[in-house]
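Here's the structure we're looking at; comments come further down.
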Amino acid sequence: MGSDGEGSDSAAEWCAVALDHLVADRPEAALTAARRAITLDHAGEWGHRLASLALERLGSDPEAVLEAEQAARLAPGSWQSRLRLGAALRRVPGRFREAAAHIAAANRFAPEEAGPHALTGDLALLRGEHRRAAAAYLSALHRDGAHAGARVNYGLTLLRWDPPRAHHDPAWTIDPRETGRARRALEVWSRQTRLLPAVAVAVSGALVVTGPVPDVPLGLSGLIVIVLLGSLTFRQARRVRIWSVVPVMLGRDRWLGLSVATAAIAFAAYAASLFVSVADPLWAGLAGIVLLNAPVLVALRVLSEAWRGHPVRALAQLSMAYGERTARRDLGVTLWVVLARVWSVLVVLELAALVAHPASGLAALAVPYLLVRVRDRGGLAGLGALHADRWLAAAVALTFTAALACAAAATASLVAALAPGGVSSGGEQAAAWGWRVALGASAAVVVLFVLRAVRAWWRGAPGPWRASLIMAEPAMEGAGPPVTLTAEVRQALTFSRGVVLASTDSLGPRALAVGAVTSISASGELRLIAGEEAWEAAERDPRVAVFASDQLHPRFWIEVRGVALPDPGSDVLRVTPKQVVVGEYPGRHQRR
């Protein structure tokens, strides 16, 4: 058969072609091959799983869900079908809890697989539950250390990453467009409530400085601003149709909540300033609250995001998955976060040396050491990120320069203070130049950051900020082939009269007699006639093993490990195979 499946009438071969196309990131060709497989085998669930994954990559989420649901109907005990359905449903608004239920079932059916644990972590991370997500990703990595998606997203948990729509809980049945509309209205209101009073206060202050201004016109202009803000508030409030969940939204998105709260404080301070004379010091304090509200909030957010989480530990995880495209992107952003943290320490040391005592500047020697430690603990992949982002490399070099210049200036200042005469004068000049270089290099880092951010915004590329961090999407979860039964195994199971079902309970493994294998579906699912004990055992733990002897070859036995689900409608146990083992009974011919 060719690479496109030409000349084949086998559904399995067409599914293999579709899988190859998905690996090569050709979803259109994969969908064509998967649909050909479905046409040839309507009862085969593998084709529906592959079609679902192809449709998801093409952006057709509703159709992807329909295909995944069909796969789960055909093979309810298949962990891959449940995982594929859960992955598809998590993209559909209002069906997040269904997705979690199907992924939990996949985890129950195949706890030894890494995929269900990784997707469990994805669901927790999307809800901002970092500890639960980290535990799930570590479980996945324990089972498959090469699982790139789990490692990248585990790095995000270490960074305490917030999803793009932090205000919205995916488990809500509310349409995310509604919560998004409410969030935009609150953001616009908070910006307007800061901007208008700030402009009014700035104008009033300028008029007071340029000459005496009667209180009445200022008070009248203030009332006009209050009325205008009231009109804008009413306008934005009409756009919020879900006031019942707004408090929860503000709690989930801490920056949105802080923005709204500080805007209300700015409004209250401005309203209070209207009743205070501009000559009163209290008016200056209220005006300062109004004018400095937004800058302080921005500075607080920048510092908070720089010092949030464990970026060096995250770098180590991202370095181990550097071959994955998402890992490379997130690693570069994380390096900017680390640099912001180191830069803030350096600036504090520089200010302390200038304001308090020059000896404080000697501590800046710790900054190069910290950067070297970041390289060692974060992995060598960071060097590749520096090569890929020359702006970042330049910023690191300037930070090194600023730290060394700060330490040199501090040393020169101490020498100047202790040395007499001309030596003291030379030391002061050296210290002055050192401080200029240190402060200039530190300021240049900020300029580089701004230029890099503007360049990223202009090109629509990832910027040097936390908002550019993204999750790694499940690549091929739930796309693997099902376990097939050979003709010999089918015959042995069908005609065997010694079928035994093994399960586990609180006391350990247990064997239960089974009446017979009534039938085997085209996909390999066994239908067993079993007693009530077997049904109860399957409900406790669906992971079972079915043993049978080969009637034609009495020395051989067959073991089918799989997932058993009771089917009350047919009064049978349906066992979906996960592994088939054919063995031989020991005898004299096997003596040592």
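The values are calculated or read from the model by the stated rules, or taken from the named source; none is laboratory data. Bear in mind that the values here come from a model prediction, so they are computed numbers and not experimental data. Quick reminder, even Gly has a Cβ in these numbers, built from the backbone with ideal geometry, and neighbours come from all protein chains shown. For the accessible areas, the whole protein counts, side chains as well, though only heavy atoms, and no ligand, DNA or RNA atoms are used. Shrake-Rupley method; radii C 1.70, N 1.55, O 1.52, S 1.80 Å.
Filtered by the rule that a residue be open to solvent by 60 Å² or more (accessible area, probe 1.4 Å) and charged (D, E, K, R), the range 303-339 gives Arg313, Arg325, Arg328, Arg329.
Okay, residues lined up against (1) without any contact (Cβ under 8 Å) to a residue 60 or more places away in the chain; (2) assigned to a helix (DSSP H, G or I):
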position: Arg131; (1), (2): yes, yes
position: Tyr137; (1), (2): yes, yes
position: Arg165; (1), (2): yes, no
position: His168; (1), (2): no, no
position: Thr179; (1), (2): no, yes
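When Pro586 is tested against (1) buried (at least 16 other Cβ atoms within 10 Å of the Cβ); (2) outside any strand (DSSP E or B), exactly one condition is not met: (1).
What are the residues in the range 175-198 that are of a type in the set (Val, Ile, Thr) and either at pLDDT below 90 or crowded, with 20+ Cβ neighbours inside 10 Å (or both), if any? Break it down into steps so the answer makes sense when it comes.
Taking the range 175-198 as the starting set, the residues that turn out to be of a type in the set (Val, Ile, Thr) are 179, 188, 193.
Matches in the range 175-198: Thr179, Thr193.
Val290 fulfils the conditions (1) surrounded by fewer than 17 Cβ atoms within 10 Å (Cβ to Cβ); (2) part of a helix (DSSP H, G or I); (3) of a type outside the set (Asp, Glu) except for a single criterion, (1).
When the residues of the range 270-290 are filtered to those that are touching a residue at least 60 places away in the same chain (Cβ under 8 Å) and under 46 Å from the mean Cα position of the chain (by Cα), which remaining residue is nearest to Gly205 (Cα to Cα)? By that ranking, first place goes to Ala287. Take the conditions (1) open to solvent by less than 60 Å² (accessible area, probe 1.4 Å); (2) farther than 30 Å from Val546 by Cβ; Phe449 misses just one of them, which is (1).
If you go through the range 351-360 and pick out every residue that is open to solvent by less than 90 Å² (accessible area, probe 1.4 Å) and at pLDDT below 85, you end up with 4. Criterion applied to Ala43, Ala68 was being in a helix (DSSP H, G or I), of a type outside the set (Phe, Trp, Tyr) and out of contact with any strand residue (DSSP E or B) (no Cβ under 7 Å at 6 or more places or on another chain), and the one residue passing it is Ala68. Answer with yes or no whether Arg527 is modelled with pLDDT of 85 or more and farther than 30 Å from Arg57 by Cβ. So Arg527 fits the description; yes. Filtered by the rule that a residue be of a type in the set (Gly, Ala, Ser), open to solvent by 10 Å² or more (accessible area, probe 1.4 Å) and in a loop (DSSP other than H, G, I, E, B), the range 80-119 gives a lone residue, Gly94.
In the range 466-478 there is at least one residue that is part of a helix (DSSP H, G or I) and open to solvent by 50 Å² or more (accessible area, probe 1.4 Å). Apart from one condition, Arg561 fits all of (1) open to solvent by less than 50 Å² (accessible area, probe 1.4 Å); (2) closer than 30 Å to Val17 by Cα; (3) more than 33 Å from the chain's Cα centre (by Cα); (4) of a type in the set (D, E, K, R); the exception is (1).
For Ala34, state whether it is surrounded by 24 or more Cβ atoms within 10 Å (Cβ to Cβ), free of Cβ contacts under 8 Å to residues at least 24 places away in the same chain and part of a helix (DSSP H, G or I). Yes, satisfied.
Every condition in (1) over 21 Å from Gln579 (Cα atoms); (2) under 24 Å from the mean Cα position of the chain (by Cα) holds for Leu448 except the one numbered (2). Of all residues in the range 54-96, those satisfying the criterion of being of a type in the set (A, V, I, L, M) and touching a Lys or Arg at 6+ places or on another chain (Cβ under 7 Å) are Ala68, Ala71, Ala72, Leu89. The condition of being touching a helix residue (DSSP H, G or I) at 6+ places or on another chain (Cβ under 8 Å), among the β-branched types (Val, Ile, Thr) and closer than 14 Å to Cys406 by Cβ holds for only one of Val342, Val348, Val333, Val338, that being Val342. Residues in the range 391-423 that are open to solvent by 70 Å² or more (accessible area, probe 1.4 Å) and modelled with pLDDT of 90 or more were compared, and the one that is farthest from Gly463 (Cα to Cα) is Leu404. When you check Arg490 against the structure, is it open to solvent by 50 Å² or more (accessible area, probe 1.4 Å), part of a loop (DSSP other than H, G, I, E, B) and either over 16 Å from Val572 (Cβ atoms) or not basic (Lys, Arg) (or both), yes or no? Answer is no for this residue. The one condition from (1) within 19 Å of Gln317 (Cβ to Cβ); (2) in contact with a Phe, Trp or Tyr (Cβ under 8 Å, 6 or more places away or on another chain) that Phe109 does not meet is (1). Going by what's in this entry, would Ala29 be described as surrounded by 24 or more Cβ atoms within 10 Å (Cβ to Cβ) and either free of Cβ contacts under 8 Å to residues at least 24 places away in the same chain or of a type in the set (A, V, I, L, M) (or both)? No; evaluated as a whole, the condition is false for this residue. Filtered by the rule that a residue be surrounded by fewer than 16 Cβ atoms within 10 Å (Cβ to Cβ), touching a residue at least 24 places away in the same chain (Cβ under 8 Å) and part of a loop (DSSP other than H, G, I, E, B), the range 493-512 gives Arg497, Gly498.
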